[in-house]
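First comes the structure, then the notes that go with it.
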Amino acid sequence: MTPKPDCYWPIFLEVFEALPRQGPGSRECAARALALGPALPAEPRIADLGCGSGGQTLQLAELLPHSTIDALDSHAPLLERLKAGALAKSLQHRIRVHRGDMDAPPFADQSFDLIWSEGAVYNLGVTHALRRWRPLLRPGGWIAFTEAVWLRGDPPPAARAFWEAEYPRMADVPANLAIITEAGFETLGHFPLPAEAWWSDFYRPLEARVGVLKKEYAGDPAAQTALSLIQHEVDIHRRYGEYYSYAFFVVRPR
Ligand code: SAM
């Protein structure tokens, strides 16, 4: 989340583009968040903003078999992976892929029954994202998003230092609930992502990828530093994961 030196980016992309998803989450969590919101229309229209390679887009399409999903991300190679994934699951007719900016989504007002965003709201901040996306909701529409949160108020210095560098705005759940209210929304439910949601589709494949690339780039000091930085994030989580997580928030306009 912090800006990295330019020479690290090719390695970061090589690692993250290949993963099942680019942040924590799981099908079970998506289903749980869906169950917290009001009933959707028979054929809901959904936006998935900051969709990455679309791990959760495909899950949503399966969980809501009559939905149509507009999936948007700014990074084209991730969208190519989503397109391939949708094709492989014969979901290409229900998932439309858009390259664009989640801060200026290219959709008409009142287009969506549900706006979904996992691990991407931090790009805008919760207040800004909610205010920006509200006009896109149809009457009765709602928003489900995940956001990094402190779970405990006493994180060890190493965990605090890591997140203060990576995401200084990170707050706890009560502070996020206050931010949501202040932005003019009602929270319908929220829950922290369980530990497994960090590992199965994210940190385990991430560590495996780092291991492969460490060997491939054995003589490249910049690549080795970039890979060590990525591994450091995983190590911090392995040690201090009980102090922070992402949380799902399901909200609707008041
Ligand atoms: N939702 C995916 C998941 O959970 O696997 C991806 C999460 S990843 C941590 C954040 C995503 O936000 C990346 O795919 C990145 O390309 C995208 N992103 C960052 N800034 C963006 C912007 N302004 N507009 C659209 N997408 C953006």
### Query
Only one of LEU177, LEU213 is in contact with a Leu (Cβ under 7 Å, 6 or more places away or on another chain), in contact (Cβ under 8 Å) with a residue 12 or more places away in the chain and assigned to a helix (DSSP H, G or I); which?
LEU213
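This table checks each residue for (1) hydroxyl-bearing (Ser, Thr, Tyr); (2) within 16 Å of the ligand (Cβ to nearest atom); (3) part of a loop (DSSP other than H, G, I, E, B).
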position	(1), (2), (3)
ARG96	no, yes, no
ASP103	no, yes, yes
TRP116	no, yes, no
HIS128	no, yes, no
ARG131	no, yes, no
PRO135	no, no, no
## Note on the structure
Going through the range 34-46 in order, the residues found to be hydrophobic (A, V, I, L, M, F, W, C) and free of Cβ contacts under 8 Å to residues at least 40 places away in the same chain are ALA35, ALA39, ALA42
### Query
Within the range 207-234, how many residues turn out to be among the aliphatic types (A, V, I, L, M) and touching a Phe, Trp or Tyr at 6+ places or on another chain (Cβ under 8 Å)?
7
### Task
Any chance you could count how many residues in the range 30-63 are assigned to a loop (DSSP other than H, G, I, E, B), farther than 23 Å from PRO106 by Cα and either among the hydrophobic types (A, V, I, L, M, F, W, C) or touching a Ser or Thr at 6+ places or on another chain (Cβ under 8 Å) (or both)?
2
### Hits in the range 109-135 (condition: touching a residue at least 24 places away in the same chain (Cβ under 8 Å) and surrounded by fewer than 20 Cβ atoms within 10 Å (Cβ to Cβ))
ASP109, GLN110, SER111, ASN123, GLY125, THR127, HIS128, ARG131, ARG132, ARG134, PRO135
### Query
Does ILE11 meet the test of being in a strand (DSSP E or B), among the hydrophobic types (A, V, I, L, M, F, W, C) and more than 10 Å from the ligand (Cβ to nearest atom)?
no
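Condition first: of a type in the set (Gly, Ala, Ser), surrounded by 14 or more Cβ atoms within 10 Å (Cβ to Cβ), assigned to a strand (DSSP E or B) and away from the ligand (no atom under 12 Å from the Cβ). Can you find one or more residues in the range 153-172 that meet it?
So far as the range 153-172 goes, yes, one or more of its residues are of a type in the set (Gly, Ala, Ser), surrounded by 14 or more Cβ atoms within 10 Å (Cβ to Cβ), assigned to a strand (DSSP E or B) and away from the ligand (no atom under 12 Å from the Cβ).
I need a count of the residues in the range 184-204 that are charged (D, E, K, R) and over 18 Å from the mean Cα position of the chain (by Cα).
1
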#### Entry: Looking only at the range 140-152, and only at residues there that are closer than 18 Å to ILE69 by Cα and more than 11 Å from the ligand (Cβ to nearest atom), the one that is nearest to the chain's Cα centre (by Cα)
ALA144
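So in the range 47-78, with the set limited to residues that are away from the ligand (no atom under 13 Å from the Cβ) and in contact (Cβ under 8 Å) with a residue 24 or more places away in the chain, which one is surrounded by the most Cβ atoms within 10 Å (Cβ to Cβ)?
Filtering the range 47-78 down to residues away from the ligand (no atom under 13 Å from the Cβ) leaves 61-68.
So of that shortlist, the ones also in contact (Cβ under 8 Å) with a residue 24 or more places away in the chain come out as 61-64, 66-68.
Working: ALA61: 24, GLU62: 15, LEU63: 15, LEU64: 19, HIS66: 11, SER67: 20, THR68: 16.
Among those residues, the one meeting the criterion is ALA61.
Where a number appears in this text, it was derived from the coordinates with a stated rule and is not lab data. Bear in mind the structure is a predicted one, so any value in this text is a computation, not a measurement. A quick note on method: Cβ atoms are made from the backbone with ideal geometry, for glycine too, and the neighbour counts reach across all protein chains shown.
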